[in-house]
Amino acid sequence: TPIQPPMLPNYVIEHVKLTAAEMDEIASQNEVSKGSVPPGVEAATAISYLQERDDAALTYAVHSKERAVQEINQQLLALVTEFWDQPRLVRVVGMNEVFDTQQLRGTDLRDNTDYRVVSGSSAPVSRAAKKAEILELTKAGGIPWNHALRMIDLPDVAALVEEVERDTVQATRENLQLSKGMFPPVENWHDHVAHIEEHDSYKKREEYEYLDEQIKARFRFHDYMHLMQMAMLLGVPFQEDPNVQAARMGNPETGQPPVDPFAVDPMTEMELRKILVMFKAGGAPQPVGSGTPA
């Protein structure tokens, strides 16, 4: 008959569990690092605190990795500046997933070879804690809900973000076209408020400051057209300076060509901006001047 082996003593089983717990403690692999949270912990701040405590053991390794990435990219930009003497095609995917291609040579960088990595950006991030924190800020009114959808960064909301921010993505493409000297049309079916907000956001960036003055004039006139279309759709009458109209459109009767095809009446522009502010605040827009829509 087979001999029945004796049962293992309890201290052997407990020794295995204790060894595994000690290894997790040394490696800072607690419940949060394993994708779960302790019972009763639901606040984003508490989850983030526990995650930071676990990640403290990886601080030196993370900083070393960040410095390596920074130095590699600085060397890469320096090599591009030195050896790219002929234009090369560079493909870029910018904000809102806008695709673009550019002809780039080393001199275009103008010796801007500094590359910096945000400290701690490569450290592990708890998606649950990030999501909870963003939702808390959204409930408190600190983040608009459409921006919160993008910041959550979950694959299942990508289609929803694209649907919600379709007008913003279109305005982003227009920013790219305008910066290259093109002039996209302004249609009456555009969401003029979303377009103007995105264009104004682009004007606050550093890249806009280095654009040619003629390109900036196109941006201003493009927004001016959006403002006029918005006023007409709201039924708010306004009157533009006839001299500005003549400078922009010329005189077909006399054959006089346009002096400035992107001329803007600054007074009308300011009044139309007031309409935009009142509309966004939920107030009733007031008529501009005493004329009829131009």
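The values are calculated or read from the model by the stated rules, or taken from the named source; none is laboratory data. None of the values given here were measured: they were computed from a predicted structure. FYI the Cβ positions are ideal-geometry reconstructions off the backbone, even for glycines, and counts take in every protein chain you see. Only protein heavy atoms, including side chains, enter the accessible area calculation; ligands, DNA and RNA are left aside. Shrake-Rupley method; radii C 1.70, N 1.55, O 1.52, S 1.80 Å.
See the values below:
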item: Pairs with Cβ under 6 Å, 6+ apart, first in region 214-229 and farther than 14 Å from M267 by Cα, second of a type in the set (V, I, T) and part of a helix (DSSP H, G or I); result: D223/I196; H226/I196
item: In region 188-227, the residues that are open to solvent by less than 40 Å² (accessible area, probe 1.4 Å), among the acidic types (D, E) and touching a Ser or Thr at 6+ places or on another chain (Cβ under 8 Å); result: E198
item: Wholly enclosed helices (runs of 4 or more DSSP H) of region 141-240 bearing at least 1 residues of a type in the set (S, T, N, Q) and at pLDDT 85 or above; result: 166-179, 192-203, 213-234
item: Candidate set from region 241-266 (those that are over 21 Å from V186 (Cα atoms) and assigned to a helix (DSSP H, G or I)); member that is least open to solvent (accessible area, probe 1.4 Å); result: P242
item: Long-range neighbours under 7 Å by Cβ, at least six apart or interchain, first residue part of a helix (DSSP H, G or I) within region 76-93, second open to solvent by less than 60 Å² (accessible area, probe 1.4 Å) and not polar (S, T, N, Q); result: L77/L109; V80/G106; V80/L109; T81/G106; T81/L109; E82/G106; F83/G106
item: Subset of region 1-52 [out of contact with any Asp or Glu (no Cβ under 9 Å at 6 or more places or on another chain), at pLDDT below 70 and open to solvent by 100 Å² or more (accessible area, probe 1.4 Å)]; result: P39, E42, Y49, E52
item: Cβ pairs under 6 Å, 6+ apart, first in region 271-285 and farther than 13 Å from Y224 by Cβ, second in a loop (DSSP other than H, G, I, E, B) and at pLDDT 80 or above; result: P285/V236
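Every residue, every condition in (1) closer than 30 Å to E25 by Cβ; (2) open to solvent by 60 Å² or more (accessible area, probe 1.4 Å); (3) modelled with pLDDT of 75 or more, yes or no:
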{"position": "H63", "(1), (2), (3)": "yes, yes, yes"}
{"position": "R67", "(1), (2), (3)": "yes, yes, yes"}
{"position": "L77", "(1), (2), (3)": "no, no, yes"}
{"position": "F83", "(1), (2), (3)": "no, yes, yes"}
{"position": "Q103", "(1), (2), (3)": "no, yes, yes"}
{"position": "T113", "(1), (2), (3)": "no, no, yes"}
{"position": "K130", "(1), (2), (3)": "yes, yes, no"}
